[in-house]
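The values are calculated or read from the model by the stated rules, or taken from the named source; none is laboratory data. Computed from a predicted structure; not experimentally measured. Glycine also receives a Cβ, built like all others from the backbone with ideal geometry; neighbour counts cover every protein chain displayed. Quick note on the areas: whole protein, heavy atoms, side chains included, nothing else; ligands and nucleic acids left out. Shrake-Rupley method; radii C 1.70, N 1.55, O 1.52, S 1.80 Å.
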Amino acid sequence: ECDDGYLRMHSGNAAVIARHVAAARLYKPYIGMRILDWGCKHGVDAFFVRAMLGDGVILDGCDFDPPERYASFYRAACMDYMQLRHPWDLPYADGVFDTVIASGVIEHVPQTAESLKELWRVLKTDGHLIVTFLPNRRSYTELLSRRTGGLRHLKLFGIAGFRDILLHHGFEPIAAGYHQFMPTLAGHGASRKMQKLAEVGYRVNDVLERVPFARTFSANIYMVAQRVEST
């Protein structure tokens, strides 16, 4: 449809795709009937949910991009997309979603607390908030990027600290962990040789994610929490 730099950087090698597949498999048990892919960009999570669960789910997505930018992606996921007009307000009624997927989003919002209030509002009681690709404050790849002047996140999180944030905003965490130990070069305009190296290295990612001490230095954190009326 267009020469899109974001898509090129986020599909530059097989490892970039594999990390999204792994994340989707991680949160599959917590997906309900109606799902919001919050900050969906081109809807990669919505697409994987549709591929895993078929026509049995209703998918909505929202972001700041105009709807025509990734129209074919939204059609492929059979997702109803809405363009956002406000930094945190969401154009949905109270308590309409069983699940909200927040994949690589929370670290980019201007007001974390306001966004979490809105997610709490649009979720049903006992609905699930699924957070993936949350930048880990202990990540070795983040440290290297900061030391070398590469791409880095301004906001970093730890499991304990993020659990407290969710508890203070009406969410009870029920599952958490680390994911993506090996770098995939997503977001980096690396050479084809480096992209191939990332693909080879990612083959041992699953093994390293299971090593208790090593996994704490992974790039990202995931957390699943339930919306509750009181904590």
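Just give me the residues in segment 9-31 being among the hydroxyl-bearing types (Ser, Thr, Tyr) and under 27 Å from ILE174 (Cα atoms), in sequence order.
Of everything in segment 9-31, those that are among the hydroxyl-bearing types (Ser, Thr, Tyr) and under 27 Å from ILE174 (Cα atoms) turn out to be TYR27, TYR30.
From the residues in segment 125-145 that are hydroxyl-bearing (Ser, Thr, Tyr) and under 19 Å from the mean Cα position of the chain (by Cα), which one is farthest from GLU107 (Cα to Cα)? Reasoning before the result, please.
Applying the first criterion (hydroxyl-bearing (Ser, Thr, Tyr)) to segment 125-145 yields 125, 132, 139-141, 145.
If we keep only those that are under 19 Å from the mean Cα position of the chain (by Cα) too, we end up with 132, 139, 141.
Working: THR132: 11, SER139: 14, THR141: 16 Å.
Per the stated criteria, the residue is THR141.
Mind listing whichever residues of segment 127-161 are in contact (Cβ under 8 Å) with a residue 12 or more places away in the chain and among the hydrophobic types (A, V, I, L, M, F, W, C)?
LEU129, ILE130, VAL131, PHE133, LEU134, LEU151, LEU154, LEU156, PHE157, ILE159
Based on what the data block shows, is LEU134 under 24 Å from ILE31 (Cβ atoms), in a helix (DSSP H, G or I) and open to solvent by less than 10 Å² (accessible area, probe 1.4 Å)?
In short, no.
If I filter segment 21-44 down to residues being free of Cβ contacts under 8 Å to residues at least 60 places away in the same chain and not in a loop (DSSP other than H, G, I, E, B), which single residue comes out as least open to solvent (accessible area, probe 1.4 Å)?
Across segment 21-44, the extreme among qualifying residues is ALA24.
Filter segment 204-220 down to the residues that are under 21 Å from the mean Cα position of the chain (by Cα) and either within 17 Å of LEU185 (Cβ to Cβ) or open to solvent by less than 70 Å² (accessible area, probe 1.4 Å) (or both) and list them by number.
Here is the first cut: in segment 204-220, the residues under 21 Å from the mean Cα position of the chain (by Cα) are 205-206, 208-210, 215-220.
Within segment 204-220, ASN205, LEU208, GLU209, THR216, PHE217, SER218, ALA219, ASN220 qualify.
Considering only residues that are free of Cβ contacts under 8 Å to residues at least 60 places away in the same chain and not small (Gly, Ala, Ser), which ones fall in segment 87-108? Let's see the steps before the verdict.
Restricting attention to segment 87-108, the residues satisfying the condition of being free of Cβ contacts under 8 Å to residues at least 60 places away in the same chain are 87-95, 106-107.
Of everything in segment 87-108, those that are free of Cβ contacts under 8 Å to residues at least 60 places away in the same chain and not small (Gly, Ala, Ser) turn out to be PRO87, TRP88, ASP89, LEU90, PRO91, TYR92, ASP94, ILE106, GLU107.
Do we find that TYR81 is open to solvent by 20 Å² or more (accessible area, probe 1.4 Å) and outside any loop (DSSP other than H, G, I, E, B) in this structure? Lay out the reasoning, then the answer.
Working: open to solvent by 20 Å² or more (accessible area, probe 1.4 Å): yes; outside any loop (DSSP other than H, G, I, E, B): yes.
Yes; evaluated as a whole, the condition is true for this residue.
Got at least one residue in segment 162-180 being part of a strand (DSSP E or B), over 15 Å from ILE221 (Cβ atoms), touching a residue at least 12 places away in the same chain (Cβ under 8 Å) and open to solvent by 40 Å² or more (accessible area, probe 1.4 Å)? Quick ask: steps written out before the conclusion?
Narrowing segment 162-180 to residues part of a strand (DSSP E or B): 171-179.
Checking the rest, the ones that are also over 15 Å from ILE221 (Cβ atoms) come to 172.
Now drop any that are not touching a residue at least 12 places away in the same chain (Cβ under 8 Å), which leaves 172.
Next, from what is left, pick out any that are open to solvent by 40 Å² or more (accessible area, probe 1.4 Å): 172.
Yes, there is a match, as at least one residue in segment 162-180 is part of a strand (DSSP E or B), over 15 Å from ILE221 (Cβ atoms), touching a residue at least 12 places away in the same chain (Cβ under 8 Å) and open to solvent by 40 Å² or more (accessible area, probe 1.4 Å).
Condition test on THR216, is it of a type in the set (Ser, Thr, Tyr), under 17 Å from ASN13 (Cβ atoms) and not in a strand (DSSP E or B)?
Working: of a type in the set (Ser, Thr, Tyr): yes; under 17 Å from ASN13 (Cβ atoms): no; not in a strand (DSSP E or B): yes.
In short, no.
Of the numbered conditions (1) of a type outside the set (D, E, K, R); (2) under 17 Å from GLY170 (Cα atoms); (3) surrounded by fewer than 16 Cβ atoms within 10 Å (Cβ to Cβ); (4) touching a strand residue (DSSP E or B) at 6+ places or on another chain (Cβ under 6 Å), GLN111 satisfies every one except a single condition; which is it?
(4)
I need the full set of residues from segment 148-161 which are open to solvent by less than 50 Å² (accessible area, probe 1.4 Å), of a type outside the set (A, V, I, L, M, F, W, C) and touching a helix residue (DSSP H, G or I) at 6+ places or on another chain (Cβ under 8 Å), in order please.
The first filter runs over segment 148-161 and keeps only residues open to solvent by less than 50 Å² (accessible area, probe 1.4 Å), leaving 150, 157-159, 161.
If we keep only those that are of a type outside the set (A, V, I, L, M, F, W, C) as well, we get 150, 158, 161.
Across segment 148-161, the qualifying residue is only GLY150.
Any idea which of ALA23, ALA77 is more than 16 Å from the chain's Cα centre (by Cα) and on the phi < 0 side of the Ramachandran plot?
Numbers: ALA23 fails: more than 16 Å from the chain's Cα centre (by Cα).
Testing whether each residue is more than 16 Å from the chain's Cα centre (by Cα) and on the phi < 0 side of the Ramachandran plot leaves just ALA77.
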